[in-house]
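Comments concern the structure below.
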Amino acid sequence: MEEDSPKPVDKMEEKRRERRFYKAADTPPLPLVFLFGFQQVMVCVSALLTIPFILSSELCPGRDLIKLRVDLISSTFVSSGISTIIQTLLGTRLALLQGTAFAYIPSIQVFMKIPEYQCHSNVTDFVEESVYLNKLSIIQGCLIISALIPIIIGMTGLVGVLTKFIGPMTVSPLMLLLVISSVDLCVERIAKHWVAVVQAITLFATIMYLAEVRVPVPGIRNGRFYWYRVPLFGQYPYLIAILTSWAFCLFLTVTGLAEPGSEARLDKEASMNVLRNAPWFKAPYPGQFGSPKIHVGLLMGFILSALTSVFESVGDYHAAARVSQERSPPSHAVNRGILAEGLGSFISGWLGPGVGMTTHTENIGVIGVTRVASRWTMVCAGVLLIALGLFTKIGAILSTIPDPLVGGVLASSMAMVSGVAIANLQQVDLTLTRNMAILGFSLMVGMIIPGYFRDHPVHTGVDEIDQLLHVLLTLPMFIGALTACILDNTVGGATRTQRGLPERGVMHDGDHHDDVYSYPKPIQKLIDRLACSRFIPFLPKEKKGSRSRVRMEDPAVTIFESVGNYHAAARVSKERSPPSHAVNRGILAEGLGSFISGFIPFLPKEKKGCHSRFHEAMEFSFPFGGPLLDPAIARHLSRASQDYRQSMLSPAMISRSRNSLSYDSTDSSVTMSRMDNIPRFPFLLTPNSPVYSRKVFVGGLPADVDKMEVERIFKRFGDALIDWPRVAQHPKERRTPRCSLNGYVFLVYQDESSVHRLVNACTADKTSLFLLISSATTRNKPAQVRPWLLENIDYVSPEFRSKDGSPLNIDPRKTVFVGGVPRPTTAEELASVLGEEFGPVAYVGIDIDPDLKYPKGAARVAFKSHQGYHNAIKGKFVRIPHVDSNKKEVEVKPYVLDGQQCDECHGGKCDGRSAPYFCGDMQCLQYYCVTCWDDMHYNGPSASRAKHCPLVRLGDQTKAMNIVPHHVIPSSANGLTSMNLERQIDSILFPTVSLSTIIPSLRY
């Protein structure tokens, strides 16, 4: 039984590896790219076919209906494919499929009700080609002009401004109303035939029950034939459901089980006419339906439809980012996305589909089911759509899909969209009555107002205004989302975090070259070289330096730093400390500078070598620096700023003496200087210049996490060695190591910049960093990421700190060695624990690895008084309660220094030589020469100390030596006596140097 127990675990791991999640920047194997892309096409084809069917009927072409419909299908597929490729590669760079927007249909329907353009014929009548092509030319011309609206919005960055105010409270009602508004359309199509039930059962069975079923697939590897087991049902549910139900309809048609004229039959006359009359190849071209024309009323309706589509697309981008397990799109990505949609609508206007392009939300739901968010699958889908448009015979075959199946696919996709909409709300604090009221009210308004105005149209007497108001007041997504946006941004009672919005001032990614929303490195480098690129809203900007990540707390920290600067300037100027009114005026002046800087576009926002960062504190400077600042608050800020600067100011910014350290954060080699065998204080850095160890601890991983998945997640930030904890496994299973039940792992990156990228990708929660990790049984579990900041390896008490931050007047003989220190423990935390337990601490230095700069689990601690030193030696062990680690108890030992003089004879009996022994017993705690050791431990009344064991410094280690008194063993004996101990050690361990000349390295 024990031998067989690991096998089920191995099978589950194999399933999880095969069901891996492909993110936007990942590239699946080429066959999978084609299959996933084809599946996306099959999902969107129903929506793409809907618009040509509706538009061709509205144009009323008479007997030319089939011919016009085929041309519109071809143009729609080509326009959709081109727009998809533009959006995926140049727009947001997420896997977004661009298709026809239903928001334009109400405007077209209103336009067609104008008496001049009303339809008075049926499909058997002859209609002049110029009549219906004139209508189509007007639609095209209005679409071309209205497409300039999203292009201008994207180029100017106006939509980027909207993203500061549009969050889950706006996006979720929009998506839910989209689902609700599609219910009637789904019911209308599904009700045509019961075959839709077969399609729905097949789809949900593949998604819910068969997702983990592995199907044998033949393959060849290394010249040998293999059977691979692939979860086909879980990866291609929509494709399997459509093909299965389509084949079932073919069976009903061939066997005659479906009655003539039934919606389930594939040989309907209209479908066969489309199939027979469609040419094999036809390339749509601009102007194929005539020169574009303009109608003011339709143009105004299209402009409003374009604005509605923009508003809806912003929510789609956030939903796609969430489903793709990426961070929310930054403003430049949203700008490019809207710009790409505008270009797609512009192309659509010239080629002839008649409506603009937008993001298809149902395809976002497919990503959540298939776990494939790779942009290359969507590029493949775009290429396939273009091919379908060029080879119109294939498009005609797809047009034979029965309407009930189209309704079933649409209903299933909308179900996934509703799930994404509800999942978006987990970022919102739904315990607040304010948030629940806004959500409920916006949903009700989004359903009631459109329903009322559909039954009671507005009649103002001006057709253009009627068209505008009709489109505005009958679109549920627009009404509900606009209501939610207004209420969310005007009703108080919730913070931005409680509203699900990112904090203002938060900027993502310090290294944009590896960002999913940025362009490939060669293109990005060319963009960065353009001096004007920083002023173009839709281009990703290069963030200079390694400190480009602006944190939410930085504005407040800037105020603290500035108040500290005022006091420092007063001391240097030999003036008294600035009073509260002077501090108030200083902060007010910085706020004015921030305000002016924000309105001057050519003013550099980052001043190299300068301490001021006024532009980052604009929101906070005025409230703090105004004349209403209470003097008590000013005094509190002054004290806080002085403490802050004492603990955080970098000595690298200040000129050091020749014996102190000159530190450059860009230099990996650091030279340590010493003061009485105590290392100096080199790594106190400002919050804007963090320096990390290349080794990172990650804890809280799911117990069944997949090794390959963990490597894929963390290696995308840079080349890394994954140090897995050892797990006892059966020998047959050793080739597939698993994470231990403790759920932790160590990452060792090749360079520090990779750690910065990892930190920037994490979600911050107070003082902790988290990254979402998924497994077979757990979705999006927050794993804690613990990078090691080098500023945490040293602590110096303020009264023992010199002006440059280095230790001052610390007695090395009050130093103890602390072993078993948990690695997450910082020097300041260790100082706090030992200070409370034994007495005030003057200095703490944590030992780190010279290469990785990561803690070794040991530290040196110097106390302020001998009493604290004695208490620590006597206590031996101390518990660290606040550290999340298995090792919560550390051991305290005496720290033996080299080259110390005998405390008993002060060099009188040993001719001034260094004392080799240190007695760590509480009766002694002194250094002894050989003679004094015998006198104080073996002779006369000191015989009670005979059991004391001397501590000897050997290189960088301290050893306890068991020696025999010199008067007990004759001098001719070969045993190790107290008289020849030093000579024996020198001759055996260090044949070329003397023990007393070795100065051990405490740190490296």
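The values are calculated or read from the model by the stated rules, or taken from the named source; none is laboratory data. Bear in mind the structure is a predicted one, so any value in this text is a computation, not a measurement. Cβ atoms come from the backbone with ideal geometry, glycine included; neighbour counts cover every protein chain shown.
With the checklist (1) in contact with a strand residue (DSSP E or B) (Cβ under 9 Å, 6 or more places away or on another chain); (2) at pLDDT below 75; (3) not polar (S, T, N, Q) in hand, flag the one item A373 doesn't pass.
Answer for A373: the failing condition is (2).
What strands (runs of 3 or more DSSP E) completely inside region 717-790 contain at least 2 residues that are at pLDDT 80 or above and surrounded by 12 or more Cβ atoms within 10 Å (Cβ to Cβ)?
Values: elements: 720-723, 744-749, 763-765, 768-773, 781-789.
Per the criteria, 720-723, 744-749, 768-773, 781-789.
If you go through region 14-34 one residue at a time, how many are at pLDDT 80 or above, more than 20 Å from A320 (Cα to Cα) and not aromatic (F, W, Y)?
Total meeting the criteria: 4.
For the structure I just gave you, tell me whether L158 is under 30 Å from P330 (Cα atoms) and free of Cβ contacts under 8 Å to residues at least 40 places away in the same chain.
Judged against the criteria, L158 is a match.
Within region 182-218, restricting attention to residues that are part of a helix (DSSP H, G or I) and charged (D, E, K, R), which residue is surrounded by the fewest Cβ atoms within 10 Å (Cβ to Cβ)?
Restricting to residues being part of a helix (DSSP H, G or I) and charged (D, E, K, R), the top hit is D184.
Considering only region 267-311, state which residues are in contact with a Leu (Cβ under 7 Å, 6 or more places away or on another chain), modelled with pLDDT under 80 and either within 18 Å of L65 (Cα to Cα) or of a type in the set (A, V, I, L, M) (or both).
Within region 267-311, M300, L304 meet the criteria.
Here is a list: I465, I486, I479. Which entry is part of a helix (DSSP H, G or I) and under 15 Å from V110 (Cβ atoms)?
Details: I486 fails: under 15 Å from V110 (Cβ atoms); I479 fails: under 15 Å from V110 (Cβ atoms).
It is I465.
Just to be sure, is V41 β-branched (V, I, T), at pLDDT below 80 and in the same structural domain as A381 (by TED's automatic domain parsing)?
no
Can you tell me which residue within region 461-486, out of those that are small (G, A, S) and closer than 21 Å to V179 by Cα, is farthest from the chain's Cα centre (by Cα)?
G480
Quick one: what pairs do we get from region 807-836, first residue farther than 15 Å from D794 by Cβ, second part of a helix (DSSP H, G or I), C-beta under 6 Å, 6+ apart or different chains?
As it stands, the answer is K814/Y869; V816/A872, since those pairs meet every condition given.
Within region 422-439, can you find the residues that are crowded, with 18+ Cβ neighbours inside 10 Å and modelled with pLDDT under 90?
Answer for region 422-439, where residues must be crowded, with 18+ Cβ neighbours inside 10 Å and modelled with pLDDT under 90: N424, L425, Q427, V428.
Does at least one position in region 815-831 carry a residue that is more than 30 Å from G743 (Cβ to Cβ), at pLDDT 85 or above and either in a loop (DSSP other than H, G, I, E, B) or touching a Gly at 6+ places or on another chain (Cβ under 8 Å) (or both)?
no
How about region 71-122: which of its residues are among the small types (G, A, S), assigned to a helix (DSSP H, G or I) and under 27 Å from P476 (Cβ atoms)?
If the condition is that a residue be among the small types (G, A, S), assigned to a helix (DSSP H, G or I) and under 27 Å from P476 (Cβ atoms), then S79, S80, S83, A103, S107 are the ones that fit.
Failed condition for V254, given (1) at pLDDT 75 or above; (2) closer than 28 Å to I51 by Cα; (3) over 34 Å from the mean Cα position of the chain (by Cα); (4) β-branched (V, I, T), with all others met?
V254 satisfies every listed condition except (2).
Please verify whether region 162-181 includes one or more residues that are surrounded by fewer than 17 Cβ atoms within 10 Å (Cβ to Cβ) and part of a helix (DSSP H, G or I).
No: zero hits.
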